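Okay, structure first, notes after.
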Amino acid sequence: MQLLTGSRDRSQELLSGVVDGVLLRLTERVETRALLQLSATLAELKVAPPETLRRLASHDDPDVACPVLLKSEALTAADLAEVAASGGERHQRAIAARNLIEPAVTEALIQRGTPICLALIRNPGTRFSDASYAALIARADEDGEIAKALVLRPGTPDPVVRRLLSASPAAKAKPTASAASPTQAAAPAPPKPPSSADYANARPEIVALNRVGKLNDSTVNRFAIRGETANLFTALSVLSGAPIEIVEHVMADDDCEGLVAACRASRLSWQTTLAIVSNRSDTRLSFAERERAQHIFETLLLSTSQWTVRWGEIAASANTSDPGNRGAKNGG
């Protein structure tokens with residue numbers, strides 16, 4: 001570590017690549033106290049071993065992850081968005097407190113709830129995209145604190161302010177605690193899948209985007225982060241060649257293997273795949289689940305995933321009641 005901290009930028013780039021593999025192996029063997037020291041040291045470097053830095057940033061222990069999430073300039077926006085989409089509350093708060101937050105990271109954090117939204121709005125270093133403002137406006141319709149913070153934030157675009165101020169102060173009334181049963185309070189019903197009308201409305205736009213080459217990672221990632229279910233499901237169907245029924249099946253499956261295969265068949269990146277997997281339910285992926293999903297993604301051949309999806313289409317159209325059929329997800 002003294003070599004990295006004492007060398008010039010060019011030397012740091014060369015050394016960081018050399019020591020990256022060594023540090024990765026060490027992180028699997030050393031005690032937490034050593035990881036804390038390593039995280040604090042790497043957080044101060046402009047150039048740092050990339051894989052080691054990502055391993056620390058996504059570590060389940062927030063004491064290990066937060067120093068690099070808060071300060072590291074070597075973490076990319078994609079790295080931060082990945083942790084923002086799947087990390088714990090302290091991970092999210094560390095990212096939301098950075099001196100500069102890129103729009104892609106902001107979009108990923110906004111989906112994590114009101115406290116993080118307020119932290120982002122109050123951080124002058126946060127950069128908002130049009131998609132970010134749209135998501136915040138949607139949340140502000142149900143949460144007056146977000147609306148107030150956005151209106152008071154310097155730099156909020158005038159159209160956004162006018163939209164917030166024109167909203168009805170008496171929005172939909174939330175049910176009181178006494179009106180809701182304990183079961184309802186503890187386990188809210190999952191969102192319903194899109195209807196046939198939703199798909200019919202979404203498909204022309206998705207097909208048009210695909211025709212001109214704009215149905216890409218950025219577009220699909222935005223669908224996932226903003227919760228545009230009909231657009232997301234239709235996009236996966238168009239890109240992978242799977243029917244909507246197969247997409248609905250893998251999205252609802254507790255095991256993410258089929259969904260990862262569908263994303264791989266769609267030629268999406270790992271960052272987009274993680275956003276889709278992480279935003280399909282309120283349950284946060286564990287570190288082990290993220291590692292497994294990434295391993296499946298990286299080892300699954302494109303041709304294999306496309307064959308699996310094509311077989312899934314055949315299985316879906318077959319009118320069989322054989323209980324031994326493993327279904328569309330596994331293609332067999």
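The values are calculated or read from the model by the stated rules, or taken from the named source; none is laboratory data. Bear in mind the structure is a predicted one, so any value in this text is a computation, not a measurement. Ideal geometry is used to build each Cβ from the backbone, glycine not excepted, and the neighbour counts take in all protein chains shown. SASA here: full protein model, heavy atoms, side chains in, ligands and nucleic acids out. Shrake-Rupley method; radii C 1.70, N 1.55, O 1.52, S 1.80 Å.
The reciprocal of the average 1/r between distinct C-alpha atoms defines the Kirkwood hydrodynamic radius, which for segment 37-83 equals 10.1 Å. Annotation for Arg25 and Trp307: the two label points, set 7 Å from Cα along the Cα-Cβ direction, are 3.5 nm apart.
For segment 37-127, the Kirkwood hydrodynamic radius comes to 12.6 Å, computed from all pairs of different C-alpha atoms. Equivalent ellipsoid of segment 201-310: semi-axes from √(5λ) of the C-alpha gyration tensor, largest first, are 21, 16, 13 Å. Charge tally around Ala94: other residues with Cβ under 11 Å, Lys/Arg +1 each, Asp/Glu -1 each, net +2.
Peptide packing for 295-301, 72-78 was compared via the average number of neighbouring C-beta atoms within 10 Å per residue; ordered from the highest value, the list is 72-78, 295-301.
Summarising the amide proton neighbourhood of Thr126: residues at separation of 5 or more, or on other chains, whose placed amide H is nearer than 5 Å comprise Ile101. Against the empirical curve 2.2 N^0.38 Å, the C-alpha radius of gyration of segment 201-263 lands at a ratio of 1.04.
Ligands, DNA and RNA excluded, the heavy atoms of Lys148 present near 120 Å² of accessible surface to a 1.4 Å solvent probe. Label sites at Ala288 and Ala200, each approximated as a point 7 angstrom past Cα along Cα to Cβ, lie 4.6 nm apart.
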